[in-house]
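Asks: Starting off with a structure, shown below.
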Amino acid sequence: MSLVLFLLQTSGPALGIALATGLVSGSCSAALIALISYTIAQGVTGGLVAAAFVGLGAIALTTAMVSRILLVRFSQAAVVELQLQLCRQILAAELKSLESLGLPSLLVLLTEDIQAIAAAAGVLPVLMINIAGTVGCMVYVSWLSWQVLALVLLITLVASFSCRWFLVAGRRGLAAARNHQERLFQHFRSLIDGIKELKLHRLGRQDFFELDLQPTALQVKHYNQQGLSLFAVLDSWGKFIYFFAVGLVLFALPNWVGISPSTRVAYVLTFTYLLGPMENLVNKLPLLGQASVALDKLKALGLSINAPIAAAAVPPIDPSWQRLELKGVTHSYRTDQEGTEFTLGPVNLTVHPGELIFIIGGNGSGKSTLAKVLTGLYRPQTGTIWLDQQPIDEQNQEWYRQHFSVVFADFYLFDRLLGLSSEAGDSQAQDYLKKLQLSHKVRIDQGRFSTVDLSQGQRKRLALLSAYMENRPIYLFDEWAADQDPAFKQVFYTQFLPDLKAQGKTVFVISHDDHYFYVGDRILKLDYGQIEFEQSPASFKS
Ligand SMILES: Nc1ncnc2c1ncn2[C@@H]1O[C@H](COP(=O)(O)OP(=O)(O)OP(=O)(O)O)[C@@H](O)[C@H]1O
């Protein structure tokens, strides 16, 4: 049902015209069948009947063609809209929800699930036309004899009940395959990301292939085979019921109620015509089954193809802010295993413009988690963040986030400066390239880097350049200097950071380089998610 809703939303008028022309075509085809059987039964061969035949045939063919062309256009538009809609939802979703869904889930969603839904979206309108044609034929049958219609309806009822089991079991198989598909994508990811390690370790490679990748791929195959086989059985079962119905009308019904041979010919012709649409319907059931499994998964993941994303306007940021406060802020990660929950906070912190703050602590002490909370990527589970007089909540969180430029430890480098492509921007970026000692490697044209195939340290410098270009009031660097050579490390700590501070920017630096802490105003140490101390560099002893 949500698929139909989505189709109506994306291309309502086009779908309406396609369906209307399809309906006309289906009705004309049904009328043609009636005309043919009438001609055979009555033995009439007049010019009027021939003209009606030609007229009906022409209308049926033209409308069918128009309908098909519209459907092709419309289904392609629906596929693109579907992909864009899901991408919009992913962009709008909270980071935390996306992290808990996991990358494999999102990948299966954007590839397999979209394909399944798109394929069903493509066939659904054709199926609707087939159903319309079938209904037209049923009207004709009921006009011929209500007893036959009653019989057909009875058989349809029995068929629906008997097919239901196959449908449910088939769908269960497809759903199980879909679940294993996520694990398979996780293995694909390991294969691609871990290719260097796998190449160097022959036994490990064999182990990964034989114990992880292959069994999961075989499970996907097994469940898909199981599900699709049930749909194949359903196909044959449907045909059996169909021939059973034709047999009943041909051989049994005349013994029960009086039917003339000419009426019988009409039935047989009608049923023979119906074979096409019915077969089409049954053939497409696996596609519809896969789409419905994909839609269920979407819903379970908290996404929906019908939920429009309101592009809320974000007010301009406040460059003259005076006070950023975290009051009793906490954030926890819940894991499946008991006793492994990590809680950051409660954190109480007040920050002013132009401050340079080092955040330090051991591995797993919560520095990156604090960075995500501070920058508004994670919402505090308790406590509140205040920017001047404004508490940050769901409504203004997007606005709040725009105050920060961040280079995360696991940063992603886009191949262009997003949102900045003016020529003035290019010349400023060229200046930064020189300062970052990259001008011999990289050029910038209309905001696009000539290459991002660089060393890790060089890529981090480009990420820093992107952050500079964003020119936000607050900066956060998570272990930025870790991959830099000693000379450039010194440039970063003794020139870049003081420069930013001199411009009135507030800078948070997550770092282990204690011999540069003297450039900062404060050092904040985390231990097991708690602020262990806050000190000035002068009183700090590592
Ligand atoms: N997405 C997550 N889901 C569950 N637990 C997480 C997640 N991210 C981090 N953690 C846990 O939270 C704790 C703090 O992690 P965090 O990355 O904030 O530490 P860190 O101080 O930045 O560590 P490092 O110096 O190693 O980068 C760790 O115990 C980690 O296992």
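The values are calculated or read from the model by the stated rules, or taken from the named source; none is laboratory data. Just so you know, these numbers come straight off a predicted model, no measurement behind them. In this analysis, Cβ positions are derived from the backbone assuming ideal geometry, glycine residues included, and neighbour counts consider all displayed protein chains. Accessible surface is based on the protein model in full, side chains and every heavy atom, while ligands, DNA and RNA are left aside. Shrake-Rupley method; radii C 1.70, N 1.55, O 1.52, S 1.80 Å.
Asks: Just how far, in whole angstrom, is the range 219-242 from the range 489-507 if you go by their alpha carbon centroids?
Replies: With the range 489-507 and the range 219-242 each reduced to a Cα centre, they are spaced 66 Å.
Asks: Once whole DSSP H runs in the chain are found, which of them have Cα atoms spread over 15 Å or more along the helix axis and a mean Kyte-Doolittle score of at least -1.0?
Replies: On the way: long enough: 2-42 (48 Å, 1.47); 47-92 (65 Å, 1.39); 114-144 (45 Å, 1.74); 146-193 (67 Å, 0.51); 214-247 (49 Å, 0.24); 261-283 (33 Å, 0.44); 285-300 (22 Å, 0.69); 423-435 (19 Å, -1.57); 456-470 (21 Å, -0.60).
Membrane-span-like by this rule: 2-42, 47-92, 114-144, 146-193, 214-247, 261-283, 285-300, 456-470.
Asks: Next question. Have a look at the chain and give its Rg and Dmax from the Cα atoms, expressed in angstrom.
Replies: Rg then Dmax for the chain, in Å: 33.4, 111.
Asks: Could you calculate the contour length gain from Arg416 to Lys299, that is, 0.36 nm times the residue separation minus the distance between their Cα atoms, to one decimal place in nm?
Replies: Gain on stretching Arg416 to Lys299: 38.7 nm.
Asks: Could you order peptides 26-37, 352-363 by the average number of other Cβ atoms within 10 Å of their residues, highest first? Kindly include the intermediate steps, with their values, before the conclusion.
Replies: On the way: 26-37: 21.2, 352-363: 17.4.
Going from most to least packed, we get 26-37, 352-363.
Asks: Work out how much length Tyr518 to Val246 would gain on full extension: take 0.36 nm times their residue separation and subtract the Cα-Cα distance, in nm to one decimal.
Replies: Additional length available on full extension: 88.7 nm.
Asks: Related question: By per-residue mean of other Cβ atoms within 10 Å, what is the highest-first order of 289-299, 517-527?
Replies: 289-299, 517-527
Asks: Can you order the peptides 76-82, 99-105 by their average number of other Cβ atoms within 10 Å per residue, highest first?
Replies: The densest-packed peptide leads the list: 76-82, 99-105.
Asks: Starting from the 7 Å offset along Cα-to-Cβ, what nm value, one decimal, do you get for the label separation of Phe209 and Arg73?
Replies: Placing both labels 7 Å beyond Cα along the Cβ direction yields 5.0 nm.
Asks: Please compute the modelled spin-label separation between Gln381 and Tyr333, points set 7 Å along Cα→Cβ, answer in nm with one decimal.
Replies: 1.2
Asks: Starting from the Cα-Cα distance between Ala150 and Asp318, subtract it from 0.36 nm times their residue separation and give me the gain in nm to one decimal.
Replies: My answer for the length gained is 53.2 nm.
Asks: How much of the accessible area of the chain, probe 1.4 Å, is carbon plus sulfur, in whole percent?
Replies: Details: 16860 of 27950 Å².
That share works out to 60 percent.
Asks: For the residue pair Ala93 and Ile195, what label-to-label distance in nm results when each label sits 7 Å from Cα along the Cα-to-beta-carbon direction?
Replies: Result: 2.7 nm between the two label points.
Asks: Translational diffusion coefficient of the range 376-494 at 10 °C, 1.306 mPa s, Stokes-Einstein with Kirkwood Rh over Cα pairs, in µm²/s as a whole number.
Replies: 101
Asks: Report, for the chain, the % of DSSP beta bridges that are antiparallel, rounded to 5.
Replies: Percent antiparallel among DSSP bridges in the chain is about 55.
Asks: On to the next question. On average over all directions, what projected area in square nanometres does the range 2-300 have, based on the convex hull of its Cα atoms? The partial results should precede the final answer.
Replies: Working: hull surface 78.0 nm².
Computed as one quarter of the Cα hull surface, the answer is 19.5 nm².
Asks: For a test of understanding, tell me how many lysine pairs in the range 348-483 have Cα atoms under 28 Å apart, given they are 8 or more places apart or on different chains.
Replies: 5
Asks: Related question: Over the chain, what is the relative contact order in percent, taking alpha-carbon pairs closer than 8 angstrom and at least six residues apart? Each step should come with its number before you reach the end.
Replies: Working: 690 pairs, mean separation 78.6, N = 542.
It rounds to 14 percent for the chain.
Asks: Just tell me which lysines come within less than 16 Å, Cα to Cα, of Lys239; anything on the same chain fewer than 8 places away is out.
Replies: In chain and number order, the partners are Lys284.
Asks: A further question on this structure: Would you mind listing how long the range 433-510 runs along its three principal axes, going by Cα atoms, in whole Å with the largest first?
Replies: Reported extents, whole Å, longest axis first: 31, 29, 19.
Asks: How high is the relative contact order of the range 2-300, in percent, with contacts defined as C-alpha pairs under 8 Å that are six or more residues apart?
Replies: Over the range 2-300, the number comes to 28 percent.
Asks: Next up: Using Cα-Cα distances under 8 Å and only pairs 6 or more residues apart, what relative contact order does the range 146-228 have, in percent?
Replies: 49
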